[in-house]
């Protein structure tokens, strides 16, 4: 019997948010790429919340876009409501979030994949990876077909060994009742990959017609919509938006939950996987925050052409009958008809400390992985990793320099560094508090930070790159100009200041100084700045932020300079930690396990002390001097 | 590792003729310009040539601290290959301390153990053979630093710092959870409340800074412990050394019984003396704690005074003490020389090689010889003045001052009407400074605090 055998440059396993970005990046760089999915109808499916972005996740989408990824463009084409969160806070935490039309989102992404050259879509369950002396050679499907490739990218999401739990009822399926992948885990284990088991959950979907919206508060989108993608013309996204709705749980809800806790698979001990603390089920919220007499519930549409509404804030794994009782105790949901039950899902993922910051496995050359398989959670986190894994798989095949973003450059850098360097016992979610240099990592300047990397990789056009260079220059020049504009204490100026409730001037000052006053801004002072050139809005925004927060930004830049010195001290691949006598045992074990690429990364590994880092530095310098003396 | 500007007292922390404070790093000249005044007040040292010496004064603002000579070395022609300044001052401990503090206040940070040598090495200044010693320094000094910051920092200060940290991280976690989940958690109008809390914290921090100014956080000096069986005459000896019946007796936290501490000055040498509970095997729980404590003190001591009651025979308790003394810096006092001896110097010799002196605390004899012995040991370098404790103190104080500064900046941000996310930048810095005192880190703490205290959505 003969089996199918095909050859590709890259195999991508899984067509969720990570897989799509990975496959698109490789194919767009000219590599012959095949993407596997258990169901072609589930490409870029959103099995949980119907939105893209949100605090810090919005940053990720912007960064993906600046690097030449697809997520931002795709949501701009398919959103039905959009909001800039934290608008009253500083620019570093402004975050875009859009409600997606799930079906449209999935279809648009599928269209993009289908129209990309060099990209093949294949519905099949990958059951094995093939290796030869620790180098990947391809994958095998359940039907026995072999696909040879120079690189394989695992983006298996929540499908590996998946089971869904709804009270006592257990379904051995992936999300949304889709077919799970039951064989790949064994093959990975055979190849020495350490596997974890995580869990996550989703709330019920309820028929719109059964909801009484008059008992809820309507939540509107922003009046002026900002697109995610830097390439989307803002005029094109000013659409009619649909609303979300806010209601609350109450004591009765909590009572129902408490009475039925023993029927929750988590509290009954049936679930083995570790769940995320940041998106607790409603059971968890009621138990852990028993002092709260109510919790918010957001009712969000799943799309234009569906009646299903997502019940945000009430994910659960309680049995079906309890779910009815519980949801119906919430004002507006008294007559709720459930379309899909809430459920918890358990799945196999792996310990990401087995990866390099390039997302390639340390032990298996050419094998990359991204997304929930790496122990993260969230569409945006997955897409970000998928893009980086895709770029790096391509770079390694093309013999070009791989892309590693550091913590001072991007949220993506923070995300990947946290995953591969820190101990991670729950699905990892991006948070702005994880980014120590967040004042520099704003969503508004993602293009300025990252376009050059996308351009170097080959995913950003010449034209787009040239615009970034031009934009940088315009910003720079305007900041200098504003600093030279002297404002006299004349009557006109005083009147204008007064109109903003600002203290009048005693003597002349610079425009820069005035802009720094909390009640004033670059935009509002245009009238006393007659020489101001006409600049694009995105340039003005940067000028404004830079002048206003100059002191804070400079302090953070200084911290970054310190940080970078350690990041730039690279540790050679073949560094032998056993040669460094003075390392403490714990540090030596950890360093050998993690094999950090730089002194900076080494310093973030738990169990490695500053003294150990000093030892490493001294030892490395010693080696350098020795090599130099020996003329190497 | 870091390349910011560091400073250290380069000479021994003992009263000597001259003291040297050394500064290294890119800000060295900027700092010296701020604190140096020439005689005519016009000279700016950063404009002067490398390898020149300048007479003048070190000032803290308007106040003159000391008359000094300043030696300039510009990069790369210095030990560390960085811009380096040496300030030669009068050798009093207080003066050196003040100058160092002024330097720190103006932008340097206290050097880590062995850091000057490490920089010299990493900048290619010293050769391979010297590198071995760098590793030794880092290792041994770090062991101490670890011990001193975690072990010696006992009691109320540690508790207080943890309390403040807890308060600060709670505020950060609240801000952060609201930023991460703005639709579930609102922080509107939070500035006012935060201001009140920070004002409260600042009062405590100020008090801690003040208390670190008089006397230090950790007791400086030669860590000395008096041991012996009950009634051997330990307390009498301590009283004699102090020179009077003790008016004030300090209790050390954690010991409700039997451990007393005094600081005395012998010819300019500071001894930090702890009088322990008498050591004898015991079943009594309360007393057992006192004895365990005594052992702990002996383990950590720089110098041990073993008081033997020579009018009784050596017993198992003495043997236990003798075991602890092997290889340690110690003197043995055969007390009660006024009574007929049952234990003699010859007997003691069989067990211990340390100096043995006959004394009578009752008749006040032999005490001069003890003082003379301690002085000799010190000047022959057998006894170390523990300058690491001093450095640890400076570091703690510096961290407290930085904490204060960061908290003040939070108040500044509130006053300026900055958005809430700016508060957490400086709150984090304050938290990290405090953490550096007790040797803990932020990362996990914050995430845990956020998830455990605030109910996040989805």
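crowded, with 24+ Cβ neighbours inside 10 Å, within 14 Å of chain B (Cβ to nearest Cβ) and not in a strand (DSSP E or B), is that true of residue A:88?
no
What residue, of A:34, A:121, is surrounded by 24 or more Cβ atoms within 10 Å (Cβ to Cβ), more than 15 Å from the chain's Cα centre (by Cα) and either in a strand (DSSP E or B) or in the same structural domain as residue A:302 (by TED's automatic domain parsing) (or both)?
A:34
Go through A:157, A:58, A:161, A:167 for me and flag whichever is under 30 Å from residue A:469 (Cα atoms) and in contact with a helix residue (DSSP H, G or I) (Cβ under 9 Å, 6 or more places away or on another chain).
Every option except A:58 fails the conditions.
Can you tell which of A:392, A:353 is without any contact (Cβ under 8 Å) to a residue 40 or more places away in the chain and not in a loop (DSSP other than H, G, I, E, B)?
Of A:392, A:353, the one residue that is without any contact (Cβ under 8 Å) to a residue 40 or more places away in the chain and not in a loop (DSSP other than H, G, I, E, B) is A:392.
Could you list, in sequence order, the residues of the range A:358-385 that are within 20 Å of residue A:135 (Cα to Cα) and in a strand (DSSP E or B)?
Scanning the range A:358-385 gives A:360, A:361, A:365, A:367, A:368, A:369.
Can you give me the number of residues within the range B:300-336 that are over 28 Å from the mean Cα position of the chain (by Cα) and over 18 Å from residue B:238 (Cβ atoms)?
13
Looking only at the range B:1-46, count how many residues are within 14 Å of another protein chain (Cβ to nearest Cβ) and modelled with pLDDT under 85.
Total satisfying the criteria: 3.
Which of the residues spanning the range A:533-566 are crowded, with 18+ Cβ neighbours inside 10 Å and not in a helix (DSSP H, G or I)?
Answer for the range A:533-566, where residues must be crowded, with 18+ Cβ neighbours inside 10 Å and not in a helix (DSSP H, G or I): just A:549.
Can you confirm whether the range A:42-50 contains a residue that is buried (at least 22 other Cβ atoms within 10 Å of the Cβ), farther than 24 Å from residue A:181 by Cβ, within 14 Å of another protein chain (Cβ to nearest Cβ) and modelled with pLDDT of 95 or more?
yes
Exactly one of (1) touching a residue at least 40 places away in the same chain (Cβ under 8 Å); (2) within 13 Å of chain B (Cβ to nearest Cβ) is unmet by residue A:121. Its number?
So residue A:121 meets the others, but not (2).
Condition first: more than 20 Å from residue A:59 (Cα to Cα) and touching a residue at least 40 places away in the same chain (Cβ under 8 Å). Now tell me which residues in the range A:79-107 satisfy that.
Scanning the range A:79-107 gives A:101, A:102, A:103, A:104, A:106.
Mind checking which residues of the range B:35-58 are under 31 Å from the mean Cα position of the chain (by Cα) and surrounded by 16 or more Cβ atoms within 10 Å (Cβ to Cβ)?
Taking the range B:35-58 first, the residues under 31 Å from the mean Cα position of the chain (by Cα) are B:35-37, B:56-58.
Within the range B:35-58, B:35, B:36, B:56, B:57, B:58 qualify.
Count, please, the residues in the range A:124-140 that happen to be in a loop (DSSP other than H, G, I, E, B), under 13 Å from residue A:191 (Cβ atoms) and in contact (Cβ under 8 Å) with a residue 24 or more places away in the chain.
1
Among the listed residues A:62, A:97, identify the single one that is away from every other protein chain (no Cβ under 14 Å) and modelled with pLDDT of 95 or more.
On inspection, the qualifying residue turns out to be A:62.
Please list, ordered by residue number, the strands (runs of 3 or more DSSP E) wholly in the range A:243-347 having 1 or more residues that are surrounded by 20 or more Cβ atoms within 10 Å (Cβ to Cβ), within 14 Å of chain B (Cβ to nearest Cβ) and at pLDDT 95 or above.
Strands (runs of 3 or more DSSP E) meeting the threshold: A:244-248, A:296-301, A:308-312.
Provide a single number: the residues in the range A:562-579 that are in contact with a helix residue (DSSP H, G or I) (Cβ under 6 Å, 6 or more places away or on another chain) and away from chain B (no Cβ under 14 Å).
1
Within the range A:426-437, how many residues are more than 12 Å from the chain's Cα centre (by Cα), within 9 Å of chain B (Cβ to nearest Cβ) and surrounded by 22 or more Cβ atoms within 10 Å (Cβ to Cβ)?
The number of residues fulfilling the criteria is 2.
Would the range B:102-109 turn up any residue that is within 24 Å of the chain's Cα centre (by Cα), buried (at least 22 other Cβ atoms within 10 Å of the Cβ) and at pLDDT below 90?
For the range B:102-109, residues within 24 Å of the chain's Cα centre (by Cα), buried (at least 22 other Cβ atoms within 10 Å of the Cβ) and at pLDDT below 90: absent.
Each row is one residue, and each column tells you yes or no for (1) crowded, with 20+ Cβ neighbours inside 10 Å; (2) modelled with pLDDT of 85 or more; (3) touching a strand residue (DSSP E or B) at 6+ places or on another chain (Cβ under 6 Å).
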{"position": "B:334", "(1), (2), (3)": "yes, yes, yes"}
{"position": "B:340", "(1), (2), (3)": "no, no, no"}
{"position": "B:356", "(1), (2), (3)": "no, yes, yes"}
{"position": "B:362", "(1), (2), (3)": "no, no, no"}
{"position": "B:376", "(1), (2), (3)": "no, no, no"}
{"position": "B:391", "(1), (2), (3)": "yes, no, no"}
{"position": "B:411", "(1), (2), (3)": "no, yes, no"}
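For residue A:222, state whether it is surrounded by fewer than 19 Cβ atoms within 10 Å (Cβ to Cβ), within 14 Å of chain B (Cβ to nearest Cβ) and touching a strand residue (DSSP E or B) at 6+ places or on another chain (Cβ under 8 Å).
yes
Kindly establish whether residue A:440 is under 24 Å from residue A:93 (Cβ atoms), in contact with a helix residue (DSSP H, G or I) (Cβ under 8 Å, 6 or more places away or on another chain) and surrounded by fewer than 20 Cβ atoms within 10 Å (Cβ to Cβ).
yes
Take the residues in the range A:499-513 that are within 14 Å of another protein chain (Cβ to nearest Cβ) and surrounded by 12 or more Cβ atoms within 10 Å (Cβ to Cβ), then tell me which one is nearest to residue A:480 (Cα to Cα).
Per the stated criteria, the residue is A:513.
The values are calculated or read from the model by the stated rules, or taken from the named source; none is laboratory data. Predicted, not measured: the structure shown is a model, and the values here were computed from it. No Cβ is skipped: glycine too gets one built from the backbone with ideal geometry, and neighbour counts run over all protein chains shown.
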